[in-house]
Amino acid sequence: MKPAPFDYRSPATLDDVVTALAEQPGARVLAGGQSLLPALARRALRPPLLVDLRAVPGLDRIDRTSQATLFIGARVTQRQIERDHALAGECPLLAETIRRVGHPQTRTRGTLVGGLAHADPAAELPALLVALDGVVHARGPRGDRRIGADAFYLGPGRTALAPDEVAVAVEIPSATTTPSPAVPTGTPGDAGGGTDDTGDLAVGGACVEVAPRATVALCGALATVARRADGTVAAARIALFGVAARPVRARRAERAVLDGGPLDPALIALLTREDLDAARAADAELPDGEGGTNGASGTNGAAGAGADGGDYCREVAGELVHRAIDRALVAAR
Amino acid sequence: MSEHPVEVTVNGTRHRLDVPARLSLADLLREHLGLTGTHLGCEQGRCGSCTVLLSGEPVRGCLVLAVQADGAEVTTVEGVAADGTLDRVQSALREHHGLQCGFCTPGIVLTLRHLLDLPAPPGRDDLVAALDGHLCRCTGYVNILRAAESLIGPAPSERS
């Protein structure tokens with residue numbers, strides 16, 4: 001099917017993007033288009049105007065700070081991330097997850113930030129934001145603001161972005177950042193190893209999915225861990241997709257990993273189930289679909305129009321989390 | 001809805017035209033330039049039949065708006081065998097019976113063409129990952145993969 005007719009603008013500055021969004025209610029931001037254009041083709045979305053970011057300079061960069069924080073601009077493609085070999089050491093979970101998104105032919109144009117803003121709860125990227133504790137940087141008529149992963153997702157296709165706000169970049173804290181400020185953060189090590197060069201912490205990440213056919217996953221778990229030289233775990237973050245209306249942070253399972261000791265699959269499954277129950281209770285409190293968001297109501301995930309992959313995905317979630325932790329710990333040796 | 005000026009270079013030939021915003025690159029090629037070798041299956045990015053090279057990289061022709069391709073270079077299957085002689089990807093697919101109805105073939109040709117043109121030679125895993133982006137209802141993929149593998153030589157473990 002062809003998309004419904006729409007108008008198109010390609011402003012040269014971010015402020016003009018915001019102005020265009022504010023002037024035309026229902027307008028949508030176009031970055032890589034690999035989630036938005038299928039939704040238009042299905043006529044799940046019929047925006048009157050697309051505002052393309054292609055002419056805005058400076059959004060196609062991956063920047064690093066001295067604290068090893070990553071800033072990835074709104075036009076950085078998944079292919080760019082795949083080909084940035086330093087990222088395998090700086091953020092192993094990002095490097096591992098990005099090559100599971102879509103197909104090589106869609107990663108050419110698909111962007112990380114666009115995938116975050118599309119807010120498909122059955123897709124890898126929103127769960128990646130949650131697992132990495134990322135921060136979305138947004139520009140709107142009232143200025144710039146930062147939105148943390150915990151506050152970003154409001155439901156399928158729905159984010160905390162206002163209709164006239166545009167996601168400009170995502171900030172990803174160093175993979176060795178832990179809740180305790182006493183733990184040093186290092187500069188990135190060699191690609192693949194993920195070891196930071198202070199010798200204090202080794203970082204590993206893993207993305208484990210159920211993908212029945214082709215590469216469109218039904219659900220999955222993402223884990224990133226940082227280990228001290230003695231093997232103990234200094235930081236662990238886990239997120240699930242395809243199991244609820246939003247990506248789910250598995251905090252109880254994270255605490256079990258931080259507590260150390262051998263991983264008990266039955267315990268992880270139990271804790272994951274509690275995490276899911278808590279997430280679904282929180283989802284039930286969400287306001288219904290109308291209003292401000294720059295995501296899609298019909299998603300491109302395997303679950304189609306549904307919010308999640310159903311009982312099967314909730315049943316296997318614990319095992320996915322267990323495998324993701326296990327692989328992340330092995331990678332962080 | 002207004003028309004938008006677009007300038008694209010397709011298989012080495014520059015074109016300037018005005019197009020509606022919703023026109024896909026695939027429809028630009030097929031309907032406006034008469035290059036019907038680019039096939040449209042699902043029109044929503046799943047099947048891969050419309051894959052073309054945009055600035056040298058494989059993309060879904062249905063998931064790029066014509067206006068987004070402004071200023072870009074596009075290679076379609078018509079540009080692969082420009083002089084009428086099959087290129088080595090096409091010859092390998094023919095040799096290994098890597099097609100039957102041929103609907104998905106143009107996209108596969110361009111995906112493989114791109115892989116072979118990369119600085120680092122692709123491995124078997126790269127071939128599988130790239131072909132994963134293409135649906136074929138005839139061959140069962142085995143012969144497509146055989147054709148692709150014939151272009152990169154035998155895997156080290158298969159040499160004796």
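Taken together, the values in this text are just the output of simple stated rules run on the coordinates, not laboratory data. Every value quoted in this text rests on a predicted model; they were computed, and no experiment measured them. Don't worry about glycine lacking a Cβ; one is built from the backbone with ideal geometry, like all the others, and counts go over all protein chains shown.
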Over the stretch A:7-331, what is the relative contact order in whole percent, taking alpha-carbon pairs under 8 Å and six or more residues apart? 20
Calculate the radius of gyration of the Cα atoms of the stretch A:43-93 to one decimal place, then report Dmax, the largest Cα-Cα distance, as a whole number, both in Å. 14.7, 45
Between A:ALA281, A:SER66, A:ALA31, whose Cα lies farthest towards the positive end of the dipole of chain A when Lys and Arg beta carbons carry +1 and Asp and Glu beta carbons carry -1, centred on the Cα centre? A:ALA31
Please build a GNM for chain B, connecting alpha carbons under 10 Å apart, and tell me which residue among B:ALA72, B:ALA26, B:ALA82 fluctuates the most. B:ALA82
From DSSP H assignment alone, runs of 4+ in the protein assembly as shown each adding -39500 (n - 2.57), the sum over residues rounded to the nearest 500 puts [θ] at 222 nm at -8500 deg cm²/dmol
Evaluate the charge dipole of the stretch A:7-331 about its Cα centre and quote only its size in Debye, nearest 20, assuming +1 on the Cβ of each Lys and Arg and -1 on the Cβ of each Asp and Glu. 720
What do you get for the angle between helix A:265-284 and the principal long axis of chain A? Use alpha-carbon atoms, 0 to 90 degrees, nearest ten. 30
How long are the semi-axes of the equivalent ellipsoid of chain B, defined as square roots of 5 times the Cα gyration tensor eigenvalues? Whole Å, largest first. 30, 15, 14
If you fit an axis through the alpha-carbon atoms of helix A:310-331 and take the longest principal axis of the Cα set of chain A, what angle between them do you get, 0 to 90°, nearest 10? 60
Which of the cysteines in chain A are isolated, no other cysteine C-beta under 4.7 Å? A:CYS91, A:CYS207
For the stretch A:7-331, take N as its residue count and report Rg(C-alpha) divided by 2.2 N^0.38 Å. 0.95
Quick one: among A:VAL321, A:VAL136, A:VAL233, which has the greatest mean-square fluctuation in a GNM of chain A with alpha-carbon springs under 10 angstrom? A:VAL233
Placing +1 on each Lys and Arg Cβ and -1 on each Asp and Glu Cβ in the stretch A:7-331, then taking the dipole about the Cα centre, the residue among A:THR77, A:VAL203, A:GLY155 whose Cα reaches farthest towards the positive end is A:THR77
Helix B:105-117 axis, angle to chain B major axis (alpha carbon atoms, nearest 10°): 70
